[in-house]
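Please find one structure pasted underneath; my questions will follow.
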Amino acid sequence: MSVVDPSDSNPRPDDWSRKPERSNMLALRVICWIALTCGRSVARLVLHPISIYFFLFSPTARRNIKRYLRRAIGPDIGWRDGYRLLYSFASTVLDRVYFLRGRWDLFDVSITGNVPVEAEALAGRGAFLLGAHVGSFEALGACKHRSPDAPRLRAAMLMFPDNARQINAILHAICLPEMRPHVIALGRAHSMLELRDWLDAGGMAGLLADRTLPGQDSDPGVQRGNNLSIPFLGEPAIFNDGPFRLAVLLRRKVYFMSGLYLGGARYDVQFEPLADFSVRITDPAERERRIREAVQSYVTRLEDLCRKYPYNWFNFHDFWLEDGR
């Protein structure tokens, strides 16, 4: 159900947060109606024509998908690989409807590595969950529903909400109140205080960290971090260390989180320890070293997922900045 095209033109090519969404409100409403009225099996039949449409009429996304798949799989990729990636993306967007409606009975979700994260929540410390545009972040909700005695993870999404306003509005409207995600909008003057209070109450802060953050022109008071060039899938790419600087500032642990889509109705939610900044670091050189080390660990884990599950990374913009060469 690929109704948002993140690859359309933008007056600032490096600033994905300002890119306009490519959406049609009527189409979004029709698809959601089919999903909720006709069921998941029927709704999945609609995914093929939608995926074909965007495969044919989104040349920028198609070009960037080809570049990524060549690095993740090899030079012998074909159009079927690109279509499979788009179809996987469409499947996860459709499943968001059911996740937000609490229909966990429709899915087979496995969860690993969640015990340390739940321990931080139960201790009232909170932590950062750093993910990527891999699979579905909403699959995290399965941690709340796997058993009546399971600790409840309260996760807030840190995000720039303006570039997908329409689809977010519709999904918010169909979401059950108890499933409605808490969003902390980045780039606002009060963001840091809201984030601190949320973590102090034992909440988790989720952030997709595989896109570099835009500049500071919108809010000079918000710390954006530094862009680092790190080898990724065989070639240097830009990653931002801002999420790790937030963790240092607020003294929190950081976990890598992914909700992998395995096809059909299967998802695999994974948590891995990434960095521990819960103790204050007084030496500036040591702080910079540990931040750089944490970013490198994040990139290594993301690269490993992209090679093992190449049809799960839904980052369709010019990630390696090849258009400007």
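Residue-by-condition table, conditions (1) aromatic (Phe, Trp, Tyr); (2) farther than 20 Å from Tyr98 by Cβ; (3) at pLDDT 70 or above; (4) not in a loop (DSSP other than H, G, I, E, B):
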{"position": "Phe128", "(1), (2), (3), (4)": "yes, yes, yes, yes"}
{"position": "Lys144", "(1), (2), (3), (4)": "no, no, yes, yes"}
{"position": "Pro148", "(1), (2), (3), (4)": "no, yes, no, no"}
{"position": "Met157", "(1), (2), (3), (4)": "no, no, yes, yes"}
{"position": "Ala164", "(1), (2), (3), (4)": "no, no, no, yes"}
{"position": "Leu171", "(1), (2), (3), (4)": "no, no, no, yes"}
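Could you list all residues from the range 173-211 that are assigned to a strand (DSSP E or B) and surrounded by 16 or more Cβ atoms within 10 Å (Cβ to Cβ)?
Of everything in the range 173-211, those that are assigned to a strand (DSSP E or B) and surrounded by 16 or more Cβ atoms within 10 Å (Cβ to Cβ) turn out to be Ile184, Met204, Ala205, Gly206, Leu207, Leu208.
Is it fair to say Leu86 is under 30 Å from Leu176 (Cβ atoms) and either of a type in the set (A, V, I, L, M, F, W, C) or free of Cβ contacts under 8 Å to residues at least 12 places away in the same chain (or both)?
yes
When the residues of the range 99-114 are narrowed to those that are assigned to a helix (DSSP H, G or I) and of a type in the set (A, V, I, L, M, F, W, C), which ends up surrounded by the most Cβ atoms within 10 Å (Cβ to Cβ)?
Here the residue is Phe99.
Being open to solvent by 50 Å² or more (accessible area, probe 1.4 Å), of a type in the set (A, V, I, L, M, F, W, C) and touching a helix residue (DSSP H, G or I) at 6+ places or on another chain (Cβ under 9 Å) narrows it down to one of Ile77, Ile73, so name that one.
Ile73
Further, regarding this structure: Filtering the range 294-325 down to residues that are in a loop (DSSP other than H, G, I, E, B) and open to solvent by 20 Å² or more (accessible area, probe 1.4 Å), which residue is nearest to Ser88 (Cα to Cα)?
The selected residue is Tyr309.
The values are calculated or read from the model by the stated rules, or taken from the named source; none is laboratory data. Computed from a prediction, not measured in an experiment: that's the story for all the values here. Cβ sites come from the backbone with ideal geometry, for glycine too, and all protein chains shown count toward neighbours. For accessibility, only protein heavy atoms count, side chains too; no ligands or nucleic acids. Shrake-Rupley method; radii C 1.70, N 1.55, O 1.52, S 1.80 Å.
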